[in-house]
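Everything on this sheet refers to the single structure shown next.
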């Protein structure tokens, strides 16, 4: 037979998990808002903001890491769309 303290602990755990999930969702929403504000203001100072801009500007890059990488290089590293040689992979930005 479980005592009442065990039952109250069980009742607190789901509530704590819900609060933690709500807190994480609030943090994600706040970060999303900051990123969108930065992109809207033309602030592309970090790789994260540049990738977010690419994903926002090139919807096809959302489904392909390769398209994302090539779009990033084209926009921010003067890649002309030609062949990519192995030595290029060492000097270009990688995610």
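Run the simple label-point estimate for residue 84 and residue 55 please: 7 Å along Cα→C-beta, distance reported in nm.
Taking the simple label geometry, residue 84 and residue 55 are separated by 1.8 nm.
Ranked highest first by the average count of other Cβ atoms within 10 Å around their residues, in what order do 34-47, 69-82 fall?
69-82, 34-47
Round to the nearest 10 and give me the degree value, 0 to 90, for the angle of helix 47-57's Cα axis relative to the longest principal axis of the chain.
Rounded to the nearest ten degrees, it is 80.
Under a no-solvent Debye model with one identical scatterer per Cα of the chain, what's log10 I(q)/I(0) at q = 0.18 Å⁻¹?
Relative scattering, expressed as log10 I(q)/I(0), comes to -0.89.
Fewest Cβ neighbours within 10 Å first, please rank 51, 84 accordingly.
84, 51
Would you please give the FRET efficiency between residue 91 and residue 48, computed as 1/(1 + (r/R0)^6) with r the Cβ-Cβ distance and R0 = 22 Å, to the nearest 0.05?
Here the calculated transfer efficiency is 0.60.
Between residue 65 and residue 20, take the C-beta separation as r, use R0 = 30 Å, and let me know the FRET efficiency to the nearest 0.05.
0.50
Report P(r) for the range 44-95: all Cα-Cα distances, bin width 5 Å, range 0 to the bin holding the largest distance, values in whole percent.
With a bin width of 5 Å, the distribution comes to 4, 20, 33, 25, 13, 4.
For helix 65-76, report the angle its Cα long axis makes with the longest principal axis of the Cα atoms of the chain; keep it between 0 and 90° and round to the nearest 10°.
Its long axis makes an angle of about 60 degrees.
Every number here is computed from the coordinates shown, using simple stated rules; none is lab data. Just so it is clear, the structure is predicted and the values come from calculations on it, not from any experiment. Counting neighbours? That spans all protein chains shown, and the Cβs are built from the backbone with ideal geometry, glycine included.
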